[in-house]
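The values are calculated or read from the model by the stated rules, or taken from the named source; none is laboratory data. Computed from a predicted model, the values in this text were never measured in an experiment. Cβ: placed from backbone, ideal geometry, glycine included. Neighbour counts: every protein chain shown. The area values use the complete protein model at the heavy-atom level, side chains included, leaving out ligands, DNA and RNA. Shrake-Rupley method; radii C 1.70, N 1.55, O 1.52, S 1.80 Å.
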Amino acid sequence: MTVQQLILSLVLATMVFSVALELKLDDFRRVATMPRAVVGGLVPQFVLLPVATWLVTVALDLPPSTEAAMMLVAACPGGALSNYVTHLGRGNTALSVSISAVSSVLALVLTPFNFTWMVSTNAATANWLRQLSIDSSDILWSLLALLALPMALGLWIGQRWPASVARLRKPLSRFSLVALAAFIVGALVQQRHLLTGQIVPQFVIVVLHNALGLVLGAAGARAFRLERADARAVIIEGGMQNSGLALGIIGAQFGGDIGMVIVASLWGMWHIVSGMSLAIHWRNGDARSVA
């Protein structure tokens, strides 16, 4: 693990911890009684977005590396950051955490499966087909270090010292946001050699692809007739893919192909912007409805 990856992991774990401080075990018990909502969050991730991405890449004449990267990102599960963004947008955070946990496990099988059929059935990317293997240690790291441990610790501390936690929540949440912003700025500075006018087409593609994920998440929430807080969780899960996992796969199995790296890196930065913007929009809408 690089220093950059370690810093991002610590930031994400801190975000999950800050979210867990406001959760209770009863929140997860309620989620367990409504599996329909969990399925509603998994369908956009593993069915709707991969199929829609395949259709888009078949219809458009994009560079093969761009299409392959889009397919890989679409095949990945959601990331830990989606839990924080759902919480910020006043969605059902316990549902978001549950969907993230289940999708991370399913990704061991469904990510290689979805990527393989998408690439093999597209003439432009068929020659990119290779046996895609997912390192289970990456998934376990995400589940344990970035989700399970900080979530369990936050739940325990929140129940044990509620008065102290009440004073800690806002400063910790603000620190997490500042740390994430600092990481993004640092990553942009480090990768400034890639930030040229030549990546504008890829950036536009990433923005539209991410918007497609959010729209399909909303479609899934509507199809499963989910309540507002549950729908928000499903929408965020649909539009925030684990681009970090995609970058790891690109480096390990595609020789760090620069075309694929650019698309996955732009995804990693943009979905934070889009997710946060949507969450803030929801919060402001809630405030106006109460006023």
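Being open to solvent by less than 80 Å² (accessible area, probe 1.4 Å) and more than 17 Å from Val16 (Cα to Cα) is the filter here; which residues of region 153-169 pass it? Write out each step before concluding.
As a first pass, look at region 153-169 and keep what is open to solvent by less than 80 Å² (accessible area, probe 1.4 Å): 154-155, 157-158, 162-166, 168-169.
Within region 153-169, Pro162, Ala163, Ser164 qualify.
Filter region 8-25 down to residues that are open to solvent by 80 Å² or more (accessible area, probe 1.4 Å) and under 18 Å from the mean Cα position of the chain (by Cα), then give me how many there are.
So the first thing to find is which residues in region 8-25 are open to solvent by 80 Å² or more (accessible area, probe 1.4 Å), and the list is 10, 22, 24-25.
Adding the requirement that they be under 18 Å from the mean Cα position of the chain (by Cα) leaves 10.
Of the residues in region 8-25, 1 are open to solvent by 80 Å² or more (accessible area, probe 1.4 Å) and under 18 Å from the mean Cα position of the chain (by Cα).
Might you check whether a residue that is open to solvent by 30 Å² or more (accessible area, probe 1.4 Å) and over 12 Å from the mean Cα position of the chain (by Cα) occurs anywhere in region 230-246?
no
Against the conditions (1) touching a residue at least 60 places away in the same chain (Cβ under 8 Å); (2) crowded, with 19+ Cβ neighbours inside 10 Å, where does Phe28 fall short? Just the number, please.
Result: Phe28 fails condition (2) only.
Quickly run through region 262-277 and pick out the residues that are over 13 Å from the mean Cα position of the chain (by Cα) and surrounded by fewer than 20 Cβ atoms within 10 Å (Cβ to Cβ).
Ser277 - this is the single residue of region 262-277 that is over 13 Å from the mean Cα position of the chain (by Cα) and surrounded by fewer than 20 Cβ atoms within 10 Å (Cβ to Cβ).
Select from region 170-192 the residues that are modelled with pLDDT of 70 or more and charged (D, E, K, R) and write down the one among them that is farthest from Thr14 (Cα to Cα).
Looking at residues that are modelled with pLDDT of 70 or more and charged (D, E, K, R), I get Lys170.
If you check Ala74 against the conditions, is it in contact with a strand residue (DSSP E or B) (Cβ under 8 Å, 6 or more places away or on another chain) and modelled with pLDDT of 90 or more?
Working: in contact with a strand residue (DSSP E or B) (Cβ under 8 Å, 6 or more places away or on another chain): yes; modelled with pLDDT of 90 or more: yes.
Answer is yes for this residue.
For residues that are among the hydroxyl-bearing types (Ser, Thr, Tyr) and open to solvent by 30 Å² or more (accessible area, probe 1.4 Å), scanning just region 120-141, find the one that is modelled with the highest pLDDT. Lay out the reasoning, then the answer.
At the first step, the residues of region 120-141 found to be among the hydroxyl-bearing types (Ser, Thr, Tyr) are 120-121, 125, 133, 136-137.
Retained after the next criterion (residues that are open to solvent by 30 Å² or more (accessible area, probe 1.4 Å)): 120-121, 133, 136-137.
Values: Ser120: 84, Thr121: 88, Ser133: 55, Ser136: 55, Ser137: 60.
Among those that are among the hydroxyl-bearing types (Ser, Thr, Tyr) and open to solvent by 30 Å² or more (accessible area, probe 1.4 Å), it is Thr121.
Does region 193-201 contain at least one residue that is open to solvent by 60 Å² or more (accessible area, probe 1.4 Å), aliphatic (A, V, I, L, M) and either modelled with pLDDT of 95 or more or touching a Pro at 6+ places or on another chain (Cβ under 8 Å) (or both)?
Looking for residues that are open to solvent by 60 Å² or more (accessible area, probe 1.4 Å), aliphatic (A, V, I, L, M) and either modelled with pLDDT of 95 or more or touching a Pro at 6+ places or on another chain (Cβ under 8 Å) (or both), one finds none in region 193-201, hence no.
Given region 3-94, what helices (runs of 4 or more DSSP H) lie entirely inside it while holding 1 or more residues that are in contact with a Pro (Cβ under 8 Å, 6 or more places away or on another chain)?
Values: elements: 3-20, 25-32, 35-43, 49-59, 64-75, 81-88.
Because the criterion is at least 1 residues that are in contact with a Pro (Cβ under 8 Å, 6 or more places away or on another chain), the helices (runs of 4 or more DSSP H) in region 3-94 that meet it are 3-20, 64-75.
Looking at region 242-255, can you tell me whether even one residue there is among the small types (Gly, Ala, Ser), out of contact with any helix residue (DSSP H, G or I) (no Cβ under 6 Å at 6 or more places or on another chain), modelled with pLDDT under 75 and not in a helix (DSSP H, G or I)?
Looking for residues that are among the small types (Gly, Ala, Ser), out of contact with any helix residue (DSSP H, G or I) (no Cβ under 6 Å at 6 or more places or on another chain), modelled with pLDDT under 75 and not in a helix (DSSP H, G or I), one finds at least one in region 242-255, hence yes.
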